[in-house]
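Everything on this sheet refers to the single structure shown next.
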Amino acid sequence: MSLGLFYALVGGGLFALGLAGLILQPRLLGKILAFNILGSGAFLVLVGLAQRGGTPDPVPQAMVLTGIVVAVAATALALALTRRLADLSGAAVLPEDDARAPANPRGPDGD
Amino acid sequence: MNRWASVAVALLCAVLALALAWAMWDLPPAPVALPAQVAGSLAISGVEHPVTAVLLNFRGYDTLLEVGVLLIALLGMLAAGATPERMTALPPDPVLEGLARLLAPLMVLVAGYLLWAGAFRPGGAFQAAAVLAAAGVLLRLAGPVTAWTRPGRVLRLALAAGFVVFLAVAVLGLAQGAMLEYPRAWAGSLILAVEAGLTVSLGLTLAGLFLAGPEIPRGGPRT
Amino acid sequence: MSLSPFDLLLAVMLLLTAWRALVAPDPFRATVLFIVFGLLMALAWARLSAPDIALAEAAIGAGLTGALLLDAVGHLRAVRRQSSPPGGDKAREAAK
């Protein structure tokens, strides 16, 4: 197995882990962390798959470089909105998650 | 969320991971050899480092839009408004502040080096901007720089400068026939100019993501 | 470049820190684990012969994101302390 394919597989694992965290984490801060892990996994897949032949590929590397900068911008915006929500409501969780959990036993993925 | 639902989600994500792994394992080799294409055109790109060539020349359109996205994210943060500061006051720390004042110029120097190095080795506008932003965060945490509640005119101009310079260069290419197509002889200089603008603006924008917040209250008047 | 034991160790550490960051009950601990995850990612990029991304990941992915997250953790903690008196969480649990 080439190095690229190996890291792409690790990226796939990180992607699934991040996706599970994004759905299961009740706290918004945890969701933002999960979103970042999910993104890192996607970046690894992008670069790893392109380099599974063994040669470094500058095209996905450049894409991922811009992707990292966009990810930090999205994270900062999400954190700013989380702070605002916490200031207004006193809790950093989504109101739907708070209200739906007891009413709908299957949770947000049930519908 | 219900316990069984959580287990179901975890299982589905595990299945997804296995499916992804299987798909990646079975994927046939790419029909186009991009590294060879990049290497073949590197001579006319104006720079010698392939990643910089892709970022600023071959796929300049992506980078242009990405700079726009970053600017919009910062505008969104400023529009959301600063939340009142809730954390307790930090006493001013002269050692930290002195160290920050010493390190900040060095970090600007490193950023300048990275910008210059990007033309022929790993480095470039993004890494230089990241170092500039780190200097901004350090200065903010140590005290000398205050948060932006309302960026002034100069700061706003500096934030937009990178995007505007990039867009101007892109539109200049229209005279040649296509957007973002640099004249051969000028490609190197134009890329450096765009990168210099991007370094300043991206550095300020990234720092702004941290600085566009509330004031850290200080314990007592500073002398 | 072929696979070395270091790559296996790095892969295990990446998945482990990501997992621990997601399940950690304390937001501060989760954030610190995430910063460790970002630095390990920088190592992975270096192994994939992508030094540009490694530089950006170390400075932005671990550094700047870490600073933003820690700032937010402190803020949210202060909000919780001020908006809900001791036992406030329990009262909310009981109201469900």
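The values are calculated or read from the model by the stated rules, or taken from the named source; none is laboratory data. In this text the structure is predicted, and so the values were computed from the model without any measurement. A quick note on method: Cβ atoms are made from the backbone with ideal geometry, for glycine too, and the neighbour counts reach across all protein chains shown. Keep in mind that these areas ignore ligands, DNA and RNA; they rest on the heavy atoms of the full protein, side chains included. Shrake-Rupley method; radii C 1.70, N 1.55, O 1.52, S 1.80 Å.
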- request: Give, in nm to one decimal, the length gained when the segment between residue B:121 and residue B:153 is fully stretched (0.36 nm per residue of separation minus the Cα-Cα distance).
  value: 8.0 nm
- prompt: Mind checking which helices in chain C clear 20 Å along their axis (Cα) and have mean Kyte-Doolittle hydropathy of 1.0 or more, DSSP H runs only?
  reply: C:5-23, C:27-47
- prompt: Most fluctuating residue of B:27, B:206, B:70 in a GNM of chain B with Cα springs under 10 Å: which is it?
  reply: B:27
statement: When chain B is treated as a Gaussian network with springs between alpha carbons less than 10 Å apart, the largest mean-square fluctuation among B:208, B:112, B:98 is found at B:98
query: In terms of solvent-accessible area of protein heavy atoms at a 1.4 angstrom probe, what is the ranking of B:97, B:181, B:48, highest value first?
result: B:48, B:181, B:97
message: Probe radius 1.4 Å, ligands and nucleic acids left out: can you give me the accessible area buried at the A-B interface, summed over both chains, in Å² to the nearest hundred?
response: 3500
- request: Can you work out the accessible area per residue across the stretch A:3-110, with the rest of the protein chains kept in place, probe 1.4 Å, in square angstrom?
  value: 34
message: Show me you know the interface measure: the accessible area buried between A and C, both chains summed, probe 1.4 Å, in Å² to the nearest 100.
response: 3900
statement: For chain B, the charge dipole (Cβ of Lys, Arg +1; Cβ of Asp, Glu -1; about the Cα centre) points to a positive end, and the Cα of B:199, B:173, B:212 closest to that extreme belongs to B:212
task: Would you kindly find the accessible area of residue C:2, with a 1.4 Å probe and non-protein molecules such as ligands, DNA and RNA excluded, rounding to the nearest 10 Å²?
output: 90
- request: Determine the calculated [θ] at 222 nm for the protein assembly as shown from helices alone, applying -39500 (n - 2.57) to every DSSP H run no shorter than 4 residues and normalising by the residue count; nearest 500 deg cm²/dmol.
  value: -24000 deg cm²/dmol
- line: Expected max-MSF residue from B:168, B:193, B:80 in the GNM of chain B (alpha carbon, under 10 Å) is B:80
- prompt: Counting only other chains, what is the mean number of Cβ atoms within 10 angstrom of the Cβ of each residue in peptide A:2-8?
  reply: 6
task: Positive end of the charge dipole of the stretch B:24-175 (Lys, Arg +1 and Asp, Glu -1 on Cβ, about the Cα centre): tell me which of B:100, B:116, B:44 has its Cα farthest that way.
output: B:100
message: If I model a spin label at residue B:181 and residue C:20 as a point 7 Å from the Cα along the Cα→Cβ vector, what separation in nanometres do I get?
response: 5.4
statement: Output for the stretch A:9-80: chymotrypsin sites (Phe, Trp or Tyr not before Pro) sitting in coil per DSSP, at most 14 other Cβ within 10 Å, listed by number, reads none
message: For peptide B:3-13, what's the mean number of Cβ atoms from other chains within 10 Å of each residue's Cβ?
response: 5
- request: Can you send over the carbon and sulfur percentage of the accessible area for the protein assembly as shown, probe radius 1.4 Å, protein chains only?
  value: 70
message: If I model a spin label as a point 7 Å beyond the Cα along the Cα-Cβ vector, how far apart are those points for residue B:15 and residue B:75 in nm?
response: 4.3
- line: Note on the stretch A:37-88: alpha-carbon gyration tensor, axes a ≥ b ≥ c; rule is a/c under 1.5 for rounded, else prolate if a/b larger than b/c, else oblate; result prolate
task: Could you tell me which helices of chain B pass both thresholds, a Cα extent of 15 Å or more along their own axis and a mean Kyte-Doolittle hydropathy of at least -1.0, with helices taken as whole DSSP H runs?
output: B:3-26, B:60-80, B:94-117, B:125-142, B:153-176, B:187-211
message: Inside 10 Å of the C-beta atoms of A:31-37, what's the mean count of C-beta atoms belonging to other chains?
response: 6
